[in-house]
Structures are given as structure tokens and as C-alpha cells.
Amino acid sequence: MSVLVLSEECDPTTDAVIEALVERGVEVFRADLGWFPTSLHLDADLGSSGWAGTLRAGNREITLGDLRSVFYRRPTAFTFSPDLSNQELRHARMEAKLGLGGCLWSLPEVLWVNHPARQADMYKPTQLAAGKAVGLLVPRTLVTNRPGAVLRFAREVGGPIVVKPLGYASIHEEGRRRALYTHVLTDDELADLRGVETTAHLFQQYIGDKAHGLRLTVVGGGEDSQMFAAAIHAGSAAAAVDFRADYPSLTYRVVDIPDDVAAGVRAFMRHFSISFGCFDFCVDTTGRHWLLECNSAGQFQFVEQATGLPITAALADLLVKGAP
Amino acid sequence: MGVSRGVQEVYLLRFAVESSAAAASLPPWRYDFGRQIAVDTDGQPWYRQLVDMTMGTTGPSPDGTGSTGNEEWTPDYMPDERA
């Protein structure tokens, strides 16, 4: 019985999980997809029971038929010879995805945490719609490339609105990295909406009467899933809007979550067929939990370190247990 | 190097600010193929020496530069492009 871990080489979260798996006596094979095809090798043969064969990296090898779980964390992209032309690269990328991916996806009775195709479904607008459908509270949200729609939305909300990224939360410019935190729009910024038309933008009702943020880490996708909830208290104005803006100011507290929120989160996990999720909520002063997003490969070590919540152990146990 | 005009035109990008975590320098590490984890210069598990370990590190860069920090990752069906 073995666990395949697909992750980049520099990922302390993965390292902690691997140590926990080793402590449990599990055979672990870790690889980055960026190693394929040069130093990660696939040898898969279609037999009567499906794809059978091995993955090999260096002097380490794993048998596909022995896999119980795959921890798909944050691998980098396939890396090919620099001698390939652009057309060859495009071809090679697709072949690698379909070949390696296809063989791995087909393995029966293997638990994926989480399957990349399921994670690819989780675009933010899709998440928010699913959250509403399962009964979670979601702030009013607009996705548009029309400045007029933003003004209409602002009038209808009747209070502060924010703009936030749909995808990557940073950009590299002028030789340095700049973050894209959730930003509360001023009247002046609403008066000049030039640039909205350049691409899709996400605007959202700002929950101003916020008591605290909440990070809910869920391990396991079934009714016996484990939920680890930590209130995140902001110690600065910047962190109050987006806690990522000022990590040093944050304090954490283990909390319980209401039964209806737990039920909604489980339904959300079932909807996307995921076994792990890091949910961000905003909790207002009346105790309402507003869903902001779920990251299916989110960070959780900082919460575990601050609170002692045994998330790594739970994740290792899930990977050892495998598919139900 | 001047700022690309294209970057300035997207509305959201007006609000880009210096990252609070990504600028932090990380302790040196190397990947230990035998133990399948990153280790520090003494061969000890690298993750254990990190304070607030996952705030200031990890996450593939979307543009080929260094570690981005924070929650930088978006789902993809096996990333097409080299980060």
C-alpha cells in the first residue's frame, strides 16, 4: 500500500505530510510533475484490470497497482527539452497531460486529495454559486467587464463594495512582486472605472460589520469529515479587510462552527467531489458566516502552528485510509 | 525598466501593493531525494525551522519568478505552462 505525492520540491506543507505518512509506516513516492519527462518515468501497460506498471524517479519506484491515495498538492508544469520547437512543446505538453494524467486518473479505488480535474472546476464564481445552492451565505457578487454594471451594483448594494482577483493574488512588475489583496473601493475609485473593460472583474458586497475571519480546514469529503475551525482576528486595518495583508498582526482562536454551516460545507465538498478544502469565511457581529472562497490546495500549516489543530495528522490518516 | 502600459490598464491592478510576505528571504534549502523532503544546510527537515512556515513561502509563481508567498495557487488540470 502506498501514497503518491505530486508536489513541487519546495513545499513545507507537503514535507510535513510526508513525515507524518512515514511515521505511519506508509510507502511514499513523491514527485513533481515538472520532473516529467526528463527524470520522472512512466511505464504503464493496459491489462485486464486497467493500467498497470510503474512510476520511477531516480532509484525510487512505485507500482501503480499498490496506490491507495494520491496527494495532489501543488506540482509545477511538465518540463521539456529546450531543444524542442514551440510547436513540439505544445504537442509534448498535451501528450504528457493526456498520457501521464490519463493513466493516473484511471486507477480504480484510489483516493485523490484532490483530483486536479475537480480542482479545475472550482473557479471562484462556480464556488460562490455552489455555496449559495447548498445554503451557505454568500455576499452579493458581480462579475463583469462593464463599468456601468459596477455602478449599478454599487447602487443596489448601498454600502461599501470590494474588488478582488478571480485567480492569482499577485503580479510581478518592475522587478518585484505585488500583491492583489481584497480592496474596498472609495468613491473616487468608483468614479473612475477605466480598465474594468480590459477583462473580467469580481466585485463584492463588503461585510463591514465583521467580527472576525474564519479559516475552516476540512479533511475528508464524507459525513465523517473532520473540520478544523480557527477564528482569525485582525490586528490592523489592512488585515481587517484581507488577513493576508498583515499576517504578523493576526491572532487565532479555535472555535466551533454552527451545524448549518458544517452541513453546507459538507454539501459543498460533495458537490465538487473534493476530500480537502480550506474555506475562508467572514463572520459578522451577529454570528452569520459568509462564504468567501474555498481553496482546494490551501495552506493550513500556519493555522496548525498557531492553534495546535492536528490538521497534518488528519490529512495523513485520510491518505492512509484511502478511498471509502 | 519602465512599467508596461498594459499592466496599468487593468482596473484591479491599480490596487496592487507590496506583498507583506513574499519579500521575506527564506533559509537555504535543498531537496533530499532520499527523504523526499526539503532539508536545511544541516540536513534537518527545512519546514521545521520556518516561523509561520506557510505564510511566506510556497506557491508556484504564475510568471516564472520566485516564491510568491501566501495562498498563491489556482486550480488547474495539470498546469500547461511552466510556472
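The values are calculated or read from the model by the stated rules, or taken from the named source; none is laboratory data. Only a predicted model underlies this, so the values are computations on that prediction, with no experimental measurement involved. Every residue, glycine among them, receives a Cβ derived from its backbone with ideal geometry; neighbour counts consider all protein chains shown. Keep in mind that these areas ignore ligands, DNA and RNA; they rest on the heavy atoms of the full protein, side chains included. Shrake-Rupley method; radii C 1.70, N 1.55, O 1.52, S 1.80 Å.
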#### Entry: Cβ charges +1 (Lys, Arg) and -1 (Asp, Glu), total dipole of chain A, debye
600
### Query
Between B:S19 and residues 5 or more places away or on another chain, which pairs have amide H atoms under 5 Å apart, with H built 1.01 Å from N, and which residues are they?
A:A179
### Query
Taking both sides together, what accessible area is buried at the A/B interface, probe 1.4 Å, expressed in Å² and rounded to the nearest 100?
6200
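Roughly what % of Cα-Cα distances in segment A:231-284 sit above 17 Å, to the whole percent? Walk me through the numbers on the way to the answer.
On the way: 700 of 1431 pairs.
Result for the distance tail: 49 percent.
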### Query
Can you give the accessible area of B:V17, probe radius 1.4 Å, in Å² rounded to 10?
60
### Message
How large is the translational diffusion coefficient of segment A:68-116 in µm² per second when you combine the Kirkwood radius over alpha carbon pairs with Stokes-Einstein at 25 °C and 0.890 mPa s?
### Response
199
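Just from its helices, what would the mean residue ellipticity at 222 nm be for chain A, if runs of 4 or more DSSP H residues each count -39500 (n - 2.57) and the sum is divided by every residue, rounded to the nearest 500 deg cm²/dmol?
Working: 11 runs with 95 residues, N = 324.
Calculated from helices alone, the mean residue ellipticity at 222 nm is -8000 deg cm²/dmol.
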### Query
Over the heavy atoms of A:T79, what accessible area does a 1.4 Å probe trace out, to the nearest 10 Å²?
40
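First compute the accessible area of segment A:2-109 with a 1.4 Å probe, then give the percent of it belonging to carbon and sulfur atoms.
Working: 2270 of 4770 Å².
Carbon and sulfur: 48 percent of the exposed surface of segment A:2-109.
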### Per residue, the convex hull volume that the Cα atoms of segment A:37-108 enclose (Å³)
104
### Query
Once the whole set of protein chains is in place, how much accessible area is left on A:R152, using a 1.4 Å probe, in Å² to the nearest 10?
90
### Task
Mind scanning A:K132/A:K321; A:K97/A:K321; A:K132/A:K164 and naming the pairs with a C-alpha gap bigger than 25 Å?
A:K132/A:K321; A:K97/A:K321
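Taking Cα pairs under 8 Å and at least six residues apart, what relative contact order does segment A:2-109 come out at, in percent? Spell out each step's value before the answer.
Numbers: 153 pairs, mean separation 34.2, N = 108.
Computed over segment A:2-109, the figure is 32 percent.
So, R0 is 30 Å and r is the distance between the beta-carbons of A:S2 and A:S85; what FRET efficiency does that work out to, to 0.05? Mind showing how you got there, number by number?
Details: r = 38 Å, r/R0 = 1.26.
The formula returns an efficiency of 0.20 here.
Mind ranking A:H233, A:H41, A:H289 by accessible surface for me, highest first, 1.4 Å probe?
Values: A:H233 55, A:H41 90, A:H289 25 Å².
From most exposed to least exposed: A:H41, A:H233, A:H289.
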### Task
Pick out, from A:A52, A:G175, A:S39, the residue whose Cα sits farthest towards the positive end of the charge dipole of segment A:23-179, with +1 on the Cβ of Lys and Arg and -1 on the Cβ of Asp and Glu.
A:G175
### Task
Please report the base-10 log of the normalised intensity I(q)/I(0) for the protein assembly as shown, using a Debye sum with one equal scatterer per alpha carbon and no solvent, at each q in 0.06, 0.08 (1/Å).
-0.24, -0.44
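State the extension gain, in nm to one decimal, for the chain segment bounded by A:D224 and A:T126, taking 0.36 nm per residue of separation less the distance between their alpha-carbons.
Details: separation 98, 0.36 × 98 = 35.28 nm, distance 2.50 nm.
Separation in residues times 0.36 nm, less the Cα-Cα distance, equals 32.8 nm.
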### Query
Working from the pairwise distances between different alpha carbons, so that the mean of 1/r is found and then inverted, what is segment A:20-62's Kirkwood radius in Å?
11.8
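Just by accessible area at a 1.4 angstrom probe, what is the order of A:E9, A:E197 from largest to smallest? Mind showing how you got there, number by number?
Working: A:E9 55, A:E197 100 Å².
Largest accessible area first, the list is A:E197, A:E9.
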### Query
Ordering A:D260, A:D242 by how much accessible area each has at a 1.4 Å probe, largest first, what is the list?
A:D260, A:D242
